[in-house]
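Computed from the coordinates by the stated procedures, all read-outs in this text should not be read as laboratory data. All values derive from a computational prediction rather than experimental measurement. Every residue, glycine among them, receives a Cβ derived from its backbone with ideal geometry; neighbour counts consider all protein chains shown.
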Amino acid sequence: MPLVTTTEMFKKAYDGGYAIGAFNVNNMEIVQGITEACQETHSPVILQVSKGARAYANHTYLIKLVEAAVIENPEIPIALHLDHGDSFELCKSCIDGGFTSVMIDMSSRPFEENIEETKKVVEYAHAHGVVVEAELGTLEGVEDEVVVEAGQASYTRPEEVEEFVTRTGCDSLAIAIGTSHGAYKFRPEQCTRNEKGILVPPPLRFDVLEEVSKRLPGFPIVLHGSSSVPQDFVAMVNQYGGNMPDAIGIPEEQLRKAAAMSVCKINIDSDIRLAMTANIRKHFAEHPEHFDPRQYLKPARAAVKEMVAHKIINVLGSNDKI
Ligand code: G3H
Ligand code: 13P
Ligand code: ZN
């Protein structure tokens, strides 16, 4: 099947109490690892491209890699999404260039400006058969070039969501309930430690999610910053010469709970980076004589596939939903 929008995916996910994984893609191995996992688990998927990914790999290369995945996996519904679009022009360029979904992220701007800019993108996107994700509330961390410092993030205000969605006409809404971007989602002083000395973060604000869902019945909610930062990968990175002290993510059970509620899209990027880096470091440590990139990219790709399949089955619940 050709690239699809997220409309049908989200409707089924909402009704079925599961979520679709939105995985960031930057190169061929990542596209292959993700889509091979989807093929094996019979899961729909959103492949998302950030402004940084476009700057790194070039729009045409990324589009063609995704088109190749569509050809190789004809029975998997695949949507191609712009992650954190920061301007009308960027969104327009992706809409014109074949994306089926875009995010306009004006979450760091005042409410009225966010509405105005989002509405403009929605009008253009809908006229071209493309759907739009918008955001209310801010997450800590780096979203492309926008850096939100620790302590500067703000939870979504549920009392704003109906007006925002009605006035903008957006198709899905990203909200801030305590997730954040990157591999260091919480400072150690915000966490407790379990018996193994591993940091345990504070829970997500499910009360905010519930209140938002009550005000927007049937409307798909999106969670950014939802990597779990698997501690096995962190340990591997540290064992093989890396230095990632106290890296910590969102516990999988919390994401599973969100997926069973109104959250229909869960964004994962850092876990892909970690899976690849941990395995490449291990490979280099064990095979210092290797210099053919295929030798270390092959296990890196396999690790992405295994990690994504695990998420689909154990966290998102999107297996066997094609
Ligand atoms: O939200 C951010 C994503 O992880 C994309 O990151 O801008 O470094 O490609 P990037
Ligand atoms: P992570 O850094 O938690 O993987 O979040 C990715 C994301 O939200 C992409 O938009
Ligand atoms: Zn994000």
Taking the Cα centre of each part, how many Å lie between the range 47-83 and the range 290-322?
16 Å
Listing 99, 88 by rising number of other beta-carbon atoms within 10 angstrom, fewest first, gives 88, 99
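Using only C-alpha positions, report the orientation-averaged shadow area of the convex hull of the range 195-322, nm², one decimal.
On the way: hull surface 38.4 nm².
That works out to 9.6 nm².
Efficiency by 1/(1 + (r/R0)^6): what FRET value for residue 239 and residue 40, r their Cβ-Cβ distance, R0 = 35 Å, to the nearest 0.05?
Efficiency, rounded to the nearest 0.05: 0.80.
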State which entries of 119/265; 120/214; 214/265; 51/214; 12/298; 214/257 exceed 23 angstrom in Cα-Cα distance in the structure shown.
120/214; 51/214; 12/298
Ranking 175, 233, 131 by how far each Cα lies towards the positive end of the charge dipole of the chain (+1 on Lys and Arg Cβ, -1 on Asp and Glu Cβ), the top one is 233
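Using a simple charge model, +1 on the beta-carbon of Lys and Arg, -1 on the beta-carbon of Asp and Glu, nothing else, what dipole does the chain show about its Cα centre, in debye to the nearest 20?
580 debye
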Charge dipole (the chain, unit charges on Cβ, about Cα centre) - positive-most of 41, 10, 287
287
Computed over the range 1-72, the distribution of all Cα-Cα distances in 5 Å bins, rounded to whole %, is 3, 15, 26, 25, 17, 9, 3, 1
Using r as the Cβ-Cβ distance of residue 260 and residue 157, and R0 as 22 Å, what FRET efficiency do you calculate, to the nearest 0.05?
0.40
Which listed residue (58, 71, 95) has the Cα farthest towards the positive end of the charge dipole for the chain, taking +1 on Lys and Arg C-beta and -1 on Asp and Glu C-beta about the Cα centre?
71
Starting from 0.36 nm per residue, how many nanometres of slack lie between residue 93 and residue 60 once their C-alpha separation is accounted for?
10.7 nm
Output needed for the range 1-128: three equivalent-ellipsoid semi-axes, defined as square roots of 5 times the C-alpha gyration tensor eigenvalues, in descending order, whole Å.
25, 18, 13
Just the Cα atoms of the chain: what Rg and Dmax do they give in Å?
18.8, 60
How far apart, in nanometres, would the label points at residue 194 and residue 126 be if each is projected 7 angstrom from Cα along the Cα-to-Cβ direction?
4.5 nm
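Given +1 on the Cβ of Lys and Arg, -1 on the Cβ of Asp and Glu, and no further charges, what dipole in debye does the range 1-140 carry about its Cα centre, rounded to the nearest 20?
It works out to roughly 200 debye.
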